[in-house]
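> Starting off with a structure, shown below.
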Amino acid sequence: MPVDVAAGMASFDAWDEMVTGVGQLRGHWQRFFSAHGPFAPELMERRWQSARGLLFRNGVTCTVYGSGDPPTGTERPWLLDPIPLVISSEEWRQIAAGVTQRAALAAAVLEDLHGPRRLIAEEVLPPAVVHANPGFLRPCHGIRQQPRLLLFAADLVRGGDGAWRVLANRAQSPTGMGYALENRAALGQIMADAFRNLPVAGLAPFFETIRTAIERLAPQASGGDGRPYAVLLSPGPLNEAAFEHASLARHLGLTLVEGGDLIVRGQAVHLKTLSGLQRVDVILRRVDDDFCDPLELRPDSELGVPGLLEVMRAGGVAVTNSLGAGLIDSVALASFMPALCQRLLGEPLLLPDVATLWAGDADHRRMLLGSLREFVVRPAFSAADSRGIVAADLSAEELDRLATAITADPVSHAAQLMLRPSTAPSWIDGRVEPRPVTLRAFACLGQNGWTVMAGGLGRVSADARHPVVSLQDAAGSKDVWIINEMVRWSPRQRPPTVPPWPPRRTRGLVHEASDLHSRAAEHLFWVGRYAERADVLARTLRAVADRIADDERPGVYEELQPLLRVLGWMGGVPTMIVWASQADPLGAARQALHAAFDPFNPGGLPAAIAHLHRASAGLRNSLAPDLDGILRQLQGIVARVPAVGNIGEQSLCLDDAATALAGMIGLEQDGMPRGPGWHFLVLGRRLERAVGVAATIRGSGLVEGNSFDPATVDVLLELAAAGSRGHVGIAAADPAADRGSQAIERLLADADHPRSLLFVLESIRSLLSALPHVAGPGRTGPIDAAIDVVGGLAKEFRTAPMPVDPAELQFLVARLDRLLPGISENVTEAYFAHVHAQRA
Amino acid sequence: MSMPNVPDMPAVVPARYRCQHSTRYEYEQTVVGSHLLAHLSPRPRPGQAGRLTRLGIQPQPAVVIDRLDWFGNPVHYAAIEEPHSILSVDVEMEVEVAIAGVACPERTPTWETIRATSPHSVEVADFLPRSTRVDTPQVMLAAYAQSSFQEGTPVAVGGLDLMRRIHADFAFDPQATTVSTPVAEVFGNRRGVCQDFAHLMIGMLRSIGLPARYVSGYIRTEPPGNGDWRGAESSHAWVQAWCGQGDGWLDLDPTNAVTIGSDHITLAWGRDYDDVSPLRGVILGGGRHLLHVGVRVDRIGPA
C-alpha cells in the first residue's frame, strides 16, 4: 500500500493559523481584528476570567479519571480560551467537504462489514483488520437498522504544509459537540461586540438537524405526545463527558438515562418510571457498543441493557450510532482509507489521514521498523488517544523492545507519523502565545445527506509536540469561528448564536410526575437526606465556632460540651474528641472543627456535600439552573476548605454554607411543583431531620440522667431554633428546670415547630401517604406499614405526657434508631429497588 | 443418514444417542426477570445430524427465539418476565453421528504452508487472532507447540502429536481450575479440565500461526473397551485444527487424546468458550445462587 510518508516528513515545521511564514497576518484574521481590536492584555485577562466564571456558573465540567481503586473521577472546570480559532469560510468549505465524504465513507464501511463484507472478499481489507479487531462485534452482524451511522466526528490537524489531515475518526462516541455549544454560548456573551460585527456561522441549524434525524430513526412513536420517545444512554456521572451527556439531552429534548433505567420486556425497550414502563423508540448512546448488552456482548458490563440486541434484531428500537460502529475508530483502518474511498464511493479521498502504518501488513511493517523514531505507535484496534508511544522519546534499549513487541504481534500495532500541529494564538498565563491546536469537526446525517457543524471544538495542547486527542488531556479549548470574508451583515440579520431551548418536559425543578424515573426519584431522596445532613452539620458547627470566637463569655465551656456530644452522635467528629471535651472543651472544639472540615472524614461536612453533589449529579438534566447554582456554590465552599486556617475563616465558610443550604430549602418550597419528585426530596430531608433530633437528645446528656443545667438548655433551644442566634423564644427568666422541660417539649412535641420530632413525623406520614400507591395484591405494602408506624408514634406524642425522665427518653431514642432506618428501607424497597420497577 | 465414503480410514461405525442436559439455578432472592442464550442444539455438520426433542424452560418464557449465530450454530434466546427463585432449563436431543475426520494425516499440507496461507483466508480469519479467553500469545506456548511442528511436518501429524503431548503432560483435575482460570495459569500448573485443555491447545496452535477453534459438545458416557472417558456426564470441549482447504478442520480431543468419530456429539463451535457457552444468562436481582447441572448421553443404538 502506498503511504505518503515523505510528504508528511518534509513539512515538519509548524504552520501558524494567524500569521504567514514571513509574519504577515492572514486575511481572515485581519477581518477578526478589525471587529475585535488588538489583544489588549487587561481586556483579554478580563475575558478569560469571565469565560471561566460563565462556564463555571453553567456547570460546564470535564471529569478526569483518577487511578484509585475503585477508579474515581474528579470534575475539572472546562477551560475556554478567549481567543477563538478563526477559519475562513473558503477553507472551511474544503474541510466540510472532506468531513462529509469521510462520514459517508464510514457509513458505507460499516454497512459492508456488518452485511455482505465485500471489502474482505475483494481483498480491499485484509481479513485480520476486521477479524482480529475486538471492535468487530459478531452478534451485531445482520442487524438491519438503517442508517447505522447518524453522528460522526473527525479530529483534524494541520501540518507544516498547510494541509489538514485526519488524526482520528470517531463513530463510537462523537463526543464534543455539547462542549462546542457551551463554548459558543460563553464566547458569544463575553465577546458580544466582535460577534455582532463578524459574520460568524451559527451552530443552531446543526442541532436542529440532529433533533429531527433522531426522530426519523424511530421505528414507532411511543411518546405521550404522539412523537417518538428518545433517550440518551449515558454511562453515568463519572464518565469524562458526563456534562456533555446532560447538556445534549437537554438541547435535544431527550431523557437522560443509564443502563439500569432501561429494561427489555416483550421485545421492546422500556424506561422504568414511577408510574410504570414507558416504551423507548430511539436510544442515542454514549455507552461504548461492546458494553451495551451483557447478554451477548461484554458479560461484565453493568452499563448496558440485557436483551437489547434481540430487540434491535426485531426492529423494536433504534440505537445510534448502531452497535458495531466503534470499528471505524480503529487506527489500523486509517491506512486503508484511500482504497476504501475509491472502492465504496468511487472517488478519491478528499481529506487524507495523518500517515498511518499497520504493522500487520508486511510492507508497512518494514517501513515502520526502518524509521520507527518518526512515529507514534498505537494499539491498532482502539481509537487514537493521547496514550500512544512516542518512539522519539525512547532510549535505544526501549526502542529495541518496542520493535520486538511489534514483530511478535504485528497485527495489534499501528503507527502514525509524528506531525507537528499548526499553532494558533492562545491566551496563556496572561499573554498571547502560539500553541498547537487540533480541531474536532462534527457531522450528522440529515434528511438530505450529511451536514457538517459550521464550527467545532478546538483544543490547545500543553505540549508542543503532541496534538491533543482525548478530552482529558487538553490544556484548554477554543471556540471555532468560520468567518465569511465576503459577507457583511447587519446585526439584525444575525441568526441566534446557539439554538433556543427546546420545549422541555420539565416544569419547576424536576421532571413532571409521570416522567420521573425510579433512579431520579432515588437521587432526589438522597439529595434531600444529604442536604439536610449538611444543613444540620453546618448549623451545629457554626454554634461551636461562635463559642470559640467568644471564649471569654461565661458558660461557653459548659455549652461546648453538649454541642460536641451532639456532633459526636451525628458522626460528624470522632468520639475521641468528644471525650476530650470534658478536660479541655476549647481545645476539643478546635479539634472538632478541624475534623469536621477534613475532607477525608466520612462524617464531615465536605463528605456530606460531596454526597449531595453526587446524588444530584444523576439529576443534572432535570435540576433547575438555580438549584444547580446552589450546588456549585456549595462545591466552591468545600473547595475553599483546605485554605481555611483560623476560626474567623471557618465561621465565614459555615455561614456561606448555611446560607446556600437555606436558599436550597427556599427553592424547594417555592419553586417546585408538588409531584412525586418533590415528595421524595422532602421525605429524605424529614428523615434526616429526625435523625438529627435523635442525635440532639442523645447529645444533651439527658438520657444519661444529667440534670437540666442552664448551658444544656441553651444549647437545646438554640438547636431547636435551627441554630439561629438569639431567637430562642422562651423567656430567659424562667427557672432552669421549667425551661428544661420546655426545651424538651419544643424538641419533641411542638406541633407548630418545624424542627420538632412531632412535626417531622407527621410530615413524614403525610409525605408517605402522597406517594404513588404500591401495595402488593392481598397484603399491606411496605409504605402502608411505614405509615402505620410513623402515625402511631406521632399519635403518642400528641396524647401521652412528655417523656422527661432519662429512661423514657432512652426508650424513645432507641425506638427512633429502629424506626428511621426502617422507613428508609421500606421506601427503597417500594420505589428504588430496581427489581420492583417492572410494576406496570 | 448418508456417510462420506472414506477408503483410507477404517469406516466409522455410526451411533445414535439421546442426550439430556438439565440446568437448575436456585436463587437466594427473587429474580424478577432473566434473559438466556443457549447453545444447546446439535449443530448440523457432515457426519452428524440430529434434532432437539425438548426445550423445557421453567418458568415459562415470555419470548423464545431460535436463530443461528455468527458461526452458524443454532442458538435459543429466551426472556423470562415473571418473578422466580428457581430457573430450570431441560434439554433433550437425538443425534446420529459418525464423523469421518481427516483421511490421511500424512498427506495434509505442511504446517508452514498452513501458516503462510491462513492470514489471507476469510474462512479461518476468526480463528487465528487472539480471543477473549485465549488472549495470551505467549512465547512459552509457542515453544511448547513448536516441538510437535518440526520443519515440513504435515499439519495434521503435528496436531495429533501436540494433542497426545498435552494429554501426557497435563493432569485432568476438576479441582485445579474454575470456569475463568486463564490459559497461562493452566499451562503453569499443568492441570485442568477439558475446557482448559481446549483453550490451551488453541492458544498453542494460534501462537505458531495455525488457525484453531473451540468445540462445545458431549462425549458418550461409556467408552468402548476399558477405561474412562474424561469429561463425560458434563459438557465436553475439544479443538479443531485447520488443515487447509482440501482437508478442512480436524477434531482433536486433548483431554482424551483421541480424534473424534462416533463418540462425540457437537453442539457449537467458536473462537473460545465465550462464543459457545451452553447457557449464558443475565438476571435482574437474585443475589447468590446455587447451580446444578446434569448431563446424560445414552446410546440408543446404531444409526
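The values are calculated or read from the model by the stated rules, or taken from the named source; none is laboratory data. Only a predicted model underlies this, so the values are computations on that prediction, with no experimental measurement involved. Here the Cβ positions follow ideal geometry from the backbone for every residue, glycine too, while neighbour counts run over all protein chains shown.
> Report the residue count in the range A:315-362 for those that are among the charged types (D, E, K, R) and either touching an Asp or Glu at 6+ places or on another chain (Cβ under 6 Å) or over 21 Å from A:ARG148 (Cα atoms) (or both).
Counting residues in the range A:315-362 that are among the charged types (D, E, K, R) and either touching an Asp or Glu at 6+ places or on another chain (Cβ under 6 Å) or over 21 Å from A:ARG148 (Cα atoms) (or both) gives 3.
Condition check ((1) modelled with pLDDT of 95 or more; (2) within 11 Å of chain B (Cβ to nearest Cβ); (3) more than 18 Å from A:ARG165 (Cα to Cα)) across all residues:
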site: A:ARG265; (1), (2), (3): no, yes, yes
site: A:LEU271; (1), (2), (3): no, no, yes
site: A:VAL282; (1), (2), (3): yes, no, yes
site: A:SER301; (1), (2), (3): no, yes, yes
site: A:PHE336; (1), (2), (3): yes, no, no
site: A:LEU345; (1), (2), (3): yes, no, yes
site: A:LEU351; (1), (2), (3): yes, no, no
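> Name the helices (runs of 4 or more DSSP H) wholly inside the range A:298-371 in which the number of residues that are among the charged types (D, E, K, R) is 3 or more.
Fully inside the range A:298-371 and qualifying: A:362-370.
> Might you check whether a residue that is assigned to a helix (DSSP H, G or I) and closer than 17 Å to A:ALA720 by Cβ occurs anywhere in the range A:551-559?
Within the range A:551-559, one or more residues are assigned to a helix (DSSP H, G or I) and closer than 17 Å to A:ALA720 by Cβ.
> If you don't mind, there's one more thing I want to ask. Among the listed residues B:VAL91, B:VAL122, B:VAL63, B:VAL139, identify the single one that is among the β-branched types (Val, Ile, Thr) and within 20 Å of A:PRO127 (Cα to Cα).
B:VAL122
> List the residue pairs whose Cβ atoms are under 8 Å apart, where the first residue sits in the range A:382-400 and is touching a residue at least 12 places away in the same chain (Cβ under 8 Å) and surrounded by 12 or more Cβ atoms within 10 Å (Cβ to Cβ), the second is basic (Lys, Arg) and in a loop (DSSP other than H, G, I, E, B), and the two are 6 or more positions apart or on different chains.
A:VAL390/A:ARG465
> Restricting attention to strands (runs of 3 or more DSSP E) lying wholly within the range A:178-285, give those where 1 or more residues are in contact with a Cys (Cβ under 9 Å, 6 or more places away or on another chain) and not polar (S, T, N, Q).
Output list reads A:230-233, A:282-285.
> Looking only at the range A:245-281, count how many residues are in contact with a Phe, Trp or Tyr (Cβ under 6 Å, 6 or more places away or on another chain) and of a type in the set (Asp, Glu).
1
> So, in the range B:154-179, how many residues would count as being surrounded by fewer than 17 Cβ atoms within 10 Å (Cβ to Cβ) and more than 18 Å from B:VAL239 (Cα to Cα)?
4
> Also, quick follow-up: Please work out which residue is nearest to the other protein chains (Cβ to nearest Cβ), limiting yourself to the range A:286-297 and to residues that are assigned to a helix (DSSP H, G or I) and under 17 Å from B:GLY281 (Cα atoms).
A:ASP290
> Could you list, ordered by first residue, the pairs with Cβ atoms under 8 Å in which the first is in the range A:802-813 and on the phi > 0 side of the Ramachandran plot and at pLDDT 80 or above and the second is in a loop (DSSP other than H, G, I, E, B) and surrounded by 14 or more Cβ atoms within 10 Å (Cβ to Cβ), at least 6 apart or interchain?
none
> A:ARG533 - would you say it is modelled with pLDDT under 90 and basic (Lys, Arg)?
Taking the combined requirement at face value, the residue does not satisfy it.
> From the list A:ARG196, A:ARG227, A:ARG216, A:ARG184, exactly one residue is in contact (Cβ under 8 Å) with a residue 60 or more places away in the chain, of a type in the set (Lys, Arg) and more than 24 Å from A:TRP427 (Cβ to Cβ). Which is it?
The match here is A:ARG216.
> Scanning for something more than 10 Å from every other protein chain (Cβ to nearest Cβ), surrounded by 23 or more Cβ atoms within 10 Å (Cβ to Cβ) and farther than 20 Å from A:LEU284 by Cα, does the range A:144-152 turn up at least one residue?
Scanning the range A:144-152, I find no residue that is more than 10 Å from every other protein chain (Cβ to nearest Cβ), surrounded by 23 or more Cβ atoms within 10 Å (Cβ to Cβ) and farther than 20 Å from A:LEU284 by Cα, so the answer is no.
> Please name all residue pairs, on different chains or six or more residues apart, with Cβ atoms under 6 Å, provided the first residue is in the range B:232-261 and is over 12 Å from B:LEU160 (Cα atoms) and crowded, with 24+ Cβ neighbours inside 10 Å and the second residue is modelled with pLDDT of 95 or more and of a type in the set (D, E, K, R).
Cβ pairs passing all conditions: B:TRP238/B:ASP253.
For (1) of a type in the set (Lys, Arg); (2) modelled with pLDDT under 95, each residue gets a yes or a no:
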position: B:ARG130; (1), (2): yes, yes
position: B:VAL134; (1), (2): no, yes
position: B:ALA145; (1), (2): no, no
position: B:ALA156; (1), (2): no, no
position: B:ALA176; (1), (2): no, yes
position: B:SER207; (1), (2): no, yes
position: B:VAL215; (1), (2): no, no
position: B:ILE219; (1), (2): no, yes
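> Quick one: would you say A:VAL264 is farther than 17 Å from B:GLY281 by Cα, touching a residue at least 40 places away in the same chain (Cβ under 8 Å) and among the hydrophobic types (A, V, I, L, M, F, W, C)?
Against the criterion (farther than 17 Å from B:GLY281 by Cα, touching a residue at least 40 places away in the same chain (Cβ under 8 Å) and among the hydrophobic types (A, V, I, L, M, F, W, C)), A:VAL264 does not qualify.
> Can we say A:VAL305 is within 14 Å of chain B (Cβ to nearest Cβ) and either at pLDDT below 95 or in contact with a strand residue (DSSP E or B) (Cβ under 6 Å, 6 or more places away or on another chain) (or both)?
yes
> Tell me yes or no: at least one residue of the range A:411-428 is assigned to a helix (DSSP H, G or I) and more than 16 Å from A:ARG373 (Cα to Cα).
The answer is yes; a qualifying residue exists.
> Identify the residue in the range B:96-134 that is more than 17 Å from the chain's Cα centre (by Cα) and among the hydroxyl-bearing types (Ser, Thr, Tyr) and, among all such residues, is surrounded by the most Cβ atoms within 10 Å (Cβ to Cβ).
B:THR108
> Continuing with this model, one more query. Can you name the number of the only condition in (1) hydrophobic (A, V, I, L, M, F, W, C); (2) modelled with pLDDT of 85 or more; (3) surrounded by fewer than 17 Cβ atoms within 10 Å (Cβ to Cβ) that A:ALA733 fails?
It is condition (2) that A:ALA733 fails.
> For B:VAL276, indicate whether it is within 14 Å of another protein chain (Cβ to nearest Cβ), buried (at least 24 other Cβ atoms within 10 Å of the Cβ) and either out of contact with any helix residue (DSSP H, G or I) (no Cβ under 9 Å at 6 or more places or on another chain) or free of Cβ contacts under 8 Å to residues at least 60 places away in the same chain (or both).
yes
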